[in-house]
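For reference, the structure discussed in these notes is given below.
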Amino acid sequence: MSRRVLALLLATLAAACATPREAPLPMANNSDRCADLEKRAETEERARERLAAALLACRLDSVIDAAEATRILGASPAALDVRGDNVVFLARASASEVKMTGTLTAPMERIAKTDLWAARFRFQFIDYAMLKFLPFADGKQLAGSKAINWRGPKAPEQPALKRDLKGTMVKRTLWSEALQETRKIDIYLPPSYSRRRPSRTLHGRW
Amino acid sequence: MGDGEFLEGWARYIEPMIDSGAIPAIVIVGARSGQAGIVEDRSALGVELRAADYLPGFKNAGDRFDRHMRFFAQELVPYAEKEFALARDRSKRTLQGQSNSAVFAREAALRHGDLFSTALAFSGGWKLSEHFGLPDAQRARFIFGAGLYEGGFFVGTQSAARALRDRAFNVLEEYLYAGHDPDAWAFLLVKYLPRAFPKVPDTGQSKPPLPRYDRVLLLEQTAETSANVGVGDFDGDGNLDLVLAKGRHWPLADRILLGDGKGRFDKSYDLGPTPDRSYSANVVDLDADGDLDIVVGNDAPDPKRIYLNDGKGRFDMREFGRPEWPTRNTTVADINGDGRPDILVANRGPTANRLCLNEGKGRFTADCIAVASEPATRITPADMNGDGLVDLAVPHRDGGQSHVYLNQGSATFSPALRIPFGPPDAHIRMCSIADLDKDGRSDIVAIDERTGVAAYFGQAGGAFSPAVQIAGAIPAPYALALADLNADRATDIIVGHVEAPSTIYVNDNTGRRYMQHPFGDSKGTVYGFAIADLDNDGLPDIAAARSEAPNVVYFAGR
């Protein structure tokens, strides 16, 4: 990132913290110039919104030593540690690159001279947060790991989930004239489904 | 994401809702995405297929999005209807998606509100496209959700929700402290699916009550000759504002009233520098610059005018059409299918009604097209026969036969392809279109000052039923609007009168039986309504433009 772009981002970030709305722009009579200014205003407004959104989950220096990381990880390949509004994401991987996915997608930093990796974030309103963490090492899901879910004490509850469906799953294919290809279709029919009674439909796109 | 196995995952959340009675039994139809959703090998296309199918304007995707939309609306939906005997009523259909598929659900709802009543779109960050031309009765409502920690997906979702709300769409939003996370989408799905599929709406067992309309705000202190009111966010502050079309046969300045989102309209100013004889003010983005402009229909000898917004509520006045037309109303819709809103001019008298095509950037064809000869005080655009083209309902104002003119494509209309509705000697002031009886066909509600309020139901083959009388001609009906005021997914009818309270006719879901609820006072004559949530309490408020009485807002309350 160039110094000039960085300065612009910092200035915009400061503006976003102080006043989330854009300042009045100079007026011009030339319509093309007006259009340019409007486009620029829209772009800058969007940049401010993005930066304000980024502040909700803000990256910090990892600042964790190997001993502490090892203690938190125990025998697990991945872990997260919540302290106040700070969350440290940890992984153990012999890899050249480790990336965290889940709530956030971001590179993790190697703790010097170890196979331990870390990333620290500050989350606003963490009591309400639903966090998910799954590390990828060299582009593949970290061996032996599975998604780690964490919910703050005020986070929404997980909805009821039914393991054994009574309804019917149907798989079909459909030739599309519009696309000139055959598409695969999945249909769920509820337990009370009957062809003789029209049903409501949820057209889900997956 | 990316294949149909997600459908089964969502079914595991949805079936417990059906079991518990939180929602009625529903069928879920999902088309798998990307190469995993296609039998043939499409790798030669060299594009990421999921994004190409779901995102309008995705790079190097050509017309793939449009073709996929056609597949979805014109092939998959009819296939599912036939194969599984699914309901054809839009109020019983909802779209759902997350991430890129949320973008597709949103865009499909914008384009095919005639097929779907609701879109549940979670974490779709792609820019909203400009497809706002469907008539009010065919507008889907949107339920948006996203995670506050997911950056651009959150910002994009919020931006789309704001843009739709600015255009008076029905929009709900909820943002969770979460990332791009299926757990968050599951929570939102379970929370909002009952909004899309209300519990047992057909039996009336859980019928929501009609709001009370007893909180009144006078918009002005004086009684003048106003004829209509429009609603939209003109100054870009996120709150809905009003535009009053004033004058009728006597020149007056049209007025902009800026809302504060709490039901107050303390700031106001003249729309343009010139008083004129206005009958209507349509709110629409004419020049595709992202803000709302205004079309004003003026009676002769005044020019017909458009006001282009600078995004801050300041307007640049232009003219279109001919000053000598005896114009009584204008309506706006994309008639020729080029994505730009065109203007329909209803002329009462020997002058034919006109269609003025939008050439882009707010410029209109110099010679507007004569489209129907009936003297009319409003033309209502709607796709009446489900062919994707906007047709015209032209009610006869002065003792003649009313017709629906079918669009033959490219904005071509002909007396040879028109369908009569109503009596041969109608005096209809205006009509509106909706599927009152939920049979999948468009119905017409008309107010005739000599015979009253009547519905004409769409029938197989395209004809309309004889009149089903809803109310008589005393008091004389002068204004008409259709909206679902009690959130029961059935279209209600709102009628304004001459020197009598207005009336809400609450549809019992059959379209043929209505419960009357009068509201407002008996002063003056109501000429036009606008219905929107003006105070952000989640309930639809009613703005009424009146002559010989001050203009007014009736706020909905419980």
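Which residue, of A:Ala91, A:Ala67, is among the small types (Gly, Ala, Ser) and surrounded by 19 or more Cβ atoms within 10 Å (Cβ to Cβ)?
Unique residue meeting the criteria: A:Ala91.
Can you say whether B:Ile428 is surrounded by fewer than 24 Cβ atoms within 10 Å (Cβ to Cβ) and either at pLDDT 95 or above or among the aliphatic types (A, V, I, L, M) (or both), as far as the supplied structure shows?
On the way: surrounded by fewer than 24 Cβ atoms within 10 Å (Cβ to Cβ): no; either at pLDDT 95 or above or among the aliphatic types (A, V, I, L, M) (or both): yes.
In short, no.
Quick one: in the stretch B:59-90, which of the residues that are among the aliphatic types (A, V, I, L, M) and buried (at least 17 other Cβ atoms within 10 Å of the Cβ) is nearest to B:Leu389 (Cα to Cα)? I'd like the intermediate steps shown before the answer.
Applying the first criterion (among the aliphatic types (A, V, I, L, M)) to the stretch B:59-90 yields B:61, B:69, B:73, B:76-77, B:80, B:85-87.
Pick out the ones that are also buried (at least 17 other Cβ atoms within 10 Å of the Cβ) and you get B:61, B:69, B:73, B:76-77, B:80, B:86-87.
Numbers: B:Ala61: 26, B:Met69: 16, B:Ala73: 14, B:Leu76: 20, B:Val77: 18, B:Ala80: 23, B:Leu86: 24, B:Ala87: 23 Å.
Looking at residues that are among the aliphatic types (A, V, I, L, M) and buried (at least 17 other Cβ atoms within 10 Å of the Cβ), I get B:Ala73.
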Among B:Leu210, B:Leu176, B:Leu193, the single one that is within 10 Å of chain A (Cβ to nearest Cβ) and touching a residue at least 40 places away in the same chain (Cβ under 8 Å) is B:Leu193
Return only the number of the condition from (1) in a strand (DSSP E or B); (2) touching a Pro at 6+ places or on another chain (Cβ under 6 Å); (3) not small (Gly, Ala, Ser) that B:Val371 does not satisfy.
(2)
Of the listed residues (B:Asp398, B:Asp439, B:Asp425), the one being of a type in the set (Asp, Glu), touching a Gly at 6+ places or on another chain (Cβ under 8 Å) and in a loop (DSSP other than H, G, I, E, B) is B:Asp439
For the stretch A:91-113, pairs from a residue that is away from every other protein chain (no Cβ under 11 Å) and more than 18 Å from A:Ala66 (Cβ to Cβ) to a residue that is surrounded by 16 or more Cβ atoms within 10 Å (Cβ to Cβ) and of a type in the set (A, V, I, L, M, F, W, C), with Cβ under 6 Å and 6 or more apart or across chains, are A:Lys99/A:Phe136
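Search the stretch B:8-32 for residues being more than 7 Å from chain A (Cβ to nearest Cβ) and touching a residue at least 40 places away in the same chain (Cβ under 8 Å), and hand back the single one that is farthest from B:Arg50 (Cα to Cα).
Let us first name the residues in the stretch B:8-32 that are more than 7 Å from chain A (Cβ to nearest Cβ), namely B:9, B:14, B:17, B:19-23.
Still in the list and also touching a residue at least 40 places away in the same chain (Cβ under 8 Å): B:9, B:14, B:17, B:21-23.
Working: B:Gly9: 19, B:Ile14: 25, B:Met17: 30, B:Gly21: 35, B:Ala22: 32, B:Ile23: 30 Å.
Per the criteria, the residue is B:Gly21.
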Criterion violated by B:Ala245 - all others in (1) small (Gly, Ala, Ser); (2) under 21 Å from B:Pro395 (Cα atoms); (3) within 21 Å of the chain's Cα centre (by Cα) satisfied
(2)
If B:Leu188 meets every condition in (1) surrounded by 18 or more Cβ atoms within 10 Å (Cβ to Cβ); (2) at pLDDT 90 or above; (3) closer than 30 Å to B:Val283 by Cα; (4) among the aliphatic types (A, V, I, L, M) apart from one, which number is that one?
(3)
Can you find a residue that is crowded, with 21+ Cβ neighbours inside 10 Å, touching a Pro at 6+ places or on another chain (Cβ under 6 Å) and not aliphatic (A, V, I, L, M) anywhere in the stretch B:283-294?
no
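Restricting to the stretch B:264-278, and then to whatever is among the small types (Gly, Ala, Ser) and modelled with pLDDT of 95 or more, can you tell me which residue is nearest to B:Gly238 (Cα to Cα)? Show your work before the answer.
Restricting attention to the stretch B:264-278, the residues satisfying the condition of being among the small types (Gly, Ala, Ser) are B:268, B:272, B:278.
Of the ones still in play, those that are also modelled with pLDDT of 95 or more are B:268, B:278.
Numbers: B:Ser268: 17, B:Ser278: 27 Å.
Going through the qualifying residues, I end up with B:Ser268.
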Are any residues in the stretch B:227-267 surrounded by fewer than 21 Cβ atoms within 10 Å (Cβ to Cβ), touching a residue at least 40 places away in the same chain (Cβ under 8 Å) and among the small types (Gly, Ala, Ser), and if so, which ones?
B:Gly236, B:Gly238, B:Gly261, B:Gly263
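Per-residue answers, yes or no, for (1) surrounded by fewer than 23 Cβ atoms within 10 Å (Cβ to Cβ); (2) over 24 Å from the mean Cα position of the chain (by Cα); (3) part of a loop (DSSP other than H, G, I, E, B):
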{"site": "B:His131", "(1), (2), (3)": "yes, no, yes"}
{"site": "B:Phe144", "(1), (2), (3)": "no, no, no"}
{"site": "B:Val155", "(1), (2), (3)": "yes, yes, no"}
{"site": "B:Ser159", "(1), (2), (3)": "yes, no, no"}
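Give me the strands (runs of 3 or more DSSP E) completely within the stretch B:457-558, filtered to those with at least 3 residues that are crowded, with 20+ Cβ neighbours inside 10 Å, ordered by residue number.
Numbers: elements: B:468-471, B:477-483, B:492-497, B:502-507, B:514-519, B:525-532, B:541-547, B:552-557.
In the stretch B:457-558, the matching strands (runs of 3 or more DSSP E) lie at B:477-483, B:492-497, B:502-507, B:525-532, B:541-547, B:552-557.
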Sort out which residues of the stretch B:24-45 are surrounded by fewer than 22 Cβ atoms within 10 Å (Cβ to Cβ) and in a loop (DSSP other than H, G, I, E, B), and write them in order of number.
B:Pro24, B:Ala25, B:Gly34, B:Val39, B:Glu40, B:Asp41, B:Arg42
What are the residues in the stretch B:247-271 that are of a type outside the set (Asp, Glu) and within 13 Å of B:Leu219 (Cα to Cα), if any?
B:Arg255, B:Ile256, B:Leu257, B:Leu258, B:Gly259, B:Gly263, B:Arg264, B:Phe265, B:Lys267, B:Ser268, B:Tyr269
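Residue-by-condition table, conditions (1) free of Cβ contacts under 8 Å to residues at least 60 places away in the same chain; (2) more than 7 Å from every other protein chain (Cβ to nearest Cβ); (3) among the acidic types (Asp, Glu):
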position: A:Ala119; (1), (2), (3): no, yes, no
position: A:Lys132; (1), (2), (3): yes, no, no
position: A:Gln141; (1), (2), (3): yes, yes, no
position: A:Gly167; (1), (2), (3): yes, no, no
position: A:Glu181; (1), (2), (3): yes, no, yes
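Say we look at the stretch B:348-366 and pick out the residues that are of a type in the set (D, E, K, R) and either surrounded by 14 or more Cβ atoms within 10 Å (Cβ to Cβ) or closer than 26 Å to B:Ile428 by Cα (or both); which of these is nearest to the chain's Cα centre (by Cα)?
At the first step, the residues of the stretch B:348-366 found to be of a type in the set (D, E, K, R) are B:348, B:354, B:359, B:361, B:363.
After this cut, where a residue has to be either surrounded by 14 or more Cβ atoms within 10 Å (Cβ to Cβ) or closer than 26 Å to B:Ile428 by Cα (or both) as well, the list is B:348, B:354, B:363.
Values: B:Arg348: 25, B:Arg354: 22, B:Arg363: 24 Å.
Ranking the qualifying residues of the stretch B:348-366, first place goes to B:Arg354.
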Just checking, does the stretch B:412-421 include any residue being under 25 Å from B:Arg348 (Cα atoms), buried (at least 22 other Cβ atoms within 10 Å of the Cβ) and touching a residue at least 12 places away in the same chain (Cβ under 8 Å)?
yes
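The values are calculated or read from the model by the stated rules, or taken from the named source; none is laboratory data. This structure is a prediction, so every number in the text was calculated from the model and none was measured. Please note: Cβ atoms are built from the backbone with ideal geometry, for glycine as well, and neighbour counts cover all protein chains shown.
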